[in-house]
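Bear in mind that the values in this text are calculations on the coordinates, not laboratory data. Bear in mind that the values here come from a model prediction, so they are computed numbers and not experimental data. For neighbour counting, all protein chains shown are included, and Cβ atoms are generated from backbone atoms with ideal geometry for every residue, glycine included.
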Amino acid sequence: MAGSRGEFSSRIGFIMAAAGSAVGLGNIWGFPTQTASNGGAAFVLVYLVLAFCLAYPAFMAELLIGRYGQANAVTSLQKMSRTVFHKRFAFVVGFGGVICAALILSFYGILAGWMISYAIEPVATVIGSDEAASWVIAQSLPRNIIFTAIFMFLTVFVIRRGVEDGIEKWSKRLMPLLLTLLIILIAYVFTLEGASEGLNAYLNPDISRVLEPDLLISALGQAFFSLSLGTSVMVIYGSYISKKENLVTLGAQVTFIDVSIAFLAGLLIIPAMYVAQAQGVAIFAEDGSLISGSGLVFTVLPSLFESMGAMGLFVAFAFFVLMSVAALTSSISMLEGPVSYVVERHNIERKKATTFIGVLIFLMSVAIISNIGVMLDFIATLATEYGQPIIAMLCCVFVGWIWHRSEILKELQQGNEQVENTLFWKIWPWYTKFICPTAILIVFVHSL
Ligand code: PHE
């Protein structure tokens, strides 16, 4: 299969694709929600520190595994293995990641479907179809199935085209669109009354809160989800990077983009909440904490948009298109994990494999939808609170304890000859060996 493997055609192509995977509902919905429920600016501060100090090193481990192995997660990890035990362990970790990606996609597709439906609502209103407008945003079985199907269709459409024509091309188109929309919305919200109060809640940390265990754990979990770790996704994206590229800077650039977009999303949503408050929307729950969860995006924001009059219809449309776009560049990466595995390990043609796995995951989504009250939360918790941290931790264990240091150096030196003399090389191997697994273990034990 080696000859037929795809590769990102350019540096920027990889950056857009990997940032596309990383930037998603986790950034634009998850991060502001967590910020609102964990005391505002203190959470932002902790998140920034953990993203660069823990998630970035783990992210580098996954990229490196992939670029070294030049294959899907299982094959790549097995190439680093020296004993039969290592090989089995490699299978468990790699395949676990593939399953985790599939599980995440099965619920992510439902949430993304909601984003599309909320983008259609203002359109339906403009064309005067009030009935359709209220149908698309009301929870119902047919609505959920239809919009999840639309979203899955888009995901399959891109992945069938492969790396360069599919993932890279679409990420390069969609990511700049996302950033532009985000900036326009922030600029708009800043002109409204109440925004400065929101800015204060977002940027002025209450330092006494930064060491609260719950806050630390939520921030770490959020950082791992946001960088798509523990799902085989970054391993496979790493395998599509040319050996001429400097992985250390590429990884840092993607982390920077991911964190910045989360930060920008917070800059939009937290002030938007206070603007909504100035317009009479309740943004505090009974216990005095900021409203969070789905209420944030589906209640507070729409009422803000509504209060803007006719202009609000346009803003609502733009915002939910933005959410859908962000979700799509993430979901394609989730589908690429299982697809690349099946294509490379079982020699199945890419288009067939994509459609087959897409349909399978869609059926899982339908199962979740039919019992949404219980299943959605269950699958999301299973995949993101257990699956992702455990697998990300095991990837660090692989790099730190199983792979030879000299081999790691050799791989890093490709595209970065001087790496041995850099701070990165002095700190990172040690960090990945001890600090990352320990920190992740702490999170995991806590979540038990
Ligand atoms: N990082 C994506 C987000 O923030 C979610 C994701 C998780 C993507 C796991 C791929 C794999 O929304």
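Things worth noting here:
- Length gained on full extension, C53 to W401: 123.3 nm, using 0.36 nm per residue less the C-alpha separation.
- Restricting the GluC sites (Glu not before Pro) of segment 182-245 to loop positions (DSSP other than H, G, I, E, B) with no more than 15 neighbouring Cβ atoms within 10 Å leaves E193.
- Given charges at beta-carbon only (K, R positive; D, E negative), |dipole| of the chain in Debye: 1880
- Based on DSSP H segments of at least four residues, each scored -39500 (n - 2.57), the chain has a per-residue ellipticity at 222 nm of -23500 deg cm²/dmol.
- Computed over the Cα atoms of the chain, the ratio of the radius of gyration to the Kirkwood radius (Rg/Rh) comes to 0.97.
- S289/F378 FRET efficiency (R0 30 Å; Cβ-Cβ; nearest 0.05): 0.75
- Protection proxy ranking, peptides 116-126, 424-434, average beta carbon neighbours within 10 Å, highest first: 116-126, 424-434
- Among V84, V210, V275, the largest mean-square fluctuation in a Gaussian network model of the chain, built with springs joining Cα atoms closer than 10 Å, belongs to V84.
- Label-point separation, E131 to L360 (7 Å along Cα→Cβ), nm: 4.1
- Estimated FRET transfer efficiency (H346, Q414; beta-carbon r; R0 30 Å; 0.05): 0.55
- Here the Gaussian network model covers the chain, with springs between Cα atoms less than 10 Å apart; of V321, V23, V281, V281 fluctuates the most.
- Rounded to the nearest 10 degrees, the angle from helix 169-190 to the longest Cα principal axis of the chain is 40 degrees.
- Cα long-axis angle, helix 84-126 against the chain (0 to 90 degrees, to the nearest 10): 20
- Crossing angle, helix 310-346 versus the chain [Cα axis fit, 0-90 degrees, rounded to tens]: 20
- Given charges at Cβ of Lys, Arg, Asp, Glu: segment 68-163 dipole, positive-most of T155, S134, G113: T155
- Along each principal axis, taking the top coordinate minus the bottom one, the Cα set of segment 1-87 gives 49, 34, 18 Å in descending order.
- Normalised by the number of residues in the chain, the average gap of Cα pairs under 8 Å and 6 or more apart makes the relative contact order 34 percent.
- Once the Cα-Cα distance is subtracted from the 0.36 nm per residue extended length, the K79 to E212 segment shows a gain of 43.8 nm.
- Two-site FRET efficiency, I183 against R5, from Cβ-Cβ distance with R₀ of 56 Å, rounded to 0.05: 0.95
- Per the chain, cysteines lacking a partner by the 4.7 Å Cβ criterion: C53, C100, C395
- For the chain, a Gaussian network of Cα nodes joined below 10 Å ranks Q279, Q253, Q418 by mean-square fluctuation, and the top entry is Q418.
- Pairs from the table (K172/K426; K352/K433; K244/K351; K87/K352) lying more than 31 angstrom apart at Cα are K172/K426; K352/K433.
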